[in-house]
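Take a look at the structure below.
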Amino acid sequence: MIIDLHTHTQEYSSCSHLPMEELIHRAMAVGLDGVAVTDHSRIGGAEGALDWCPELQWLSAMEVFNGHCDDGESSQARRLARTLGLPGVGGSDAHFAPEVGIAATLFPDPISTDEELIAALRAGYCSPRRWIADSWK
């Protein structure tokens, strides 16, 4: 199962030009199993998520592949995550449809609930991936 854990939509982030509907269609087109919409410069969506699922506030993982970071920045993030003992995840940081899924997180088993996602992240049962030359690396 592969999920992009870092996307933005124009409904939640003023810098994004990606409507929610287009995000969903693009995610399906590139073969993602899911996406997480993250806020930019405001916390309304995050607060709503915490109200709905309070255990999210204890989630600890580090984004080590970001679709807008170069290899050097990603290497630094991976080293820091290892030093801190945190699982590494990937996310596209998509603001436009072509960016959706350029980085994502691979989960070996299907994720059906928020609880399963949280448990997999906390256990480090995931790995960051990049979309390079028509395959996940």
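Only the coordinates and a few stated rules stand behind these numbers; no lab work does. The structure displayed is predicted, hence computed values, not measured ones. For neighbour counting, all protein chains shown are included, and Cβ atoms are generated from backbone atoms with ideal geometry for every residue, glycine included.
Pull out the extension gain between I24 and L84, defined as 0.36 nm times the separation in residues minus the alpha carbon to alpha carbon distance; nm, one decimal.
Working: separation 60, 0.36 × 60 = 21.60 nm, distance 3.32 nm.
Full extension of this stretch gives 18.3 nm more.
Mind sorting S16, S92, S112 by how few other Cβ atoms lie within 10 Å of their own Cβ, fewest first?
Lowest to highest Cβ neighbour count: S112, S16, S92.
Sorting check: for 101-107, 27-33, which peptide has the highest mean count of neighbouring beta carbons within 10 Å, and how do the rest follow?
Highest-to-lowest ranking by the protection proxy: 101-107, 27-33.
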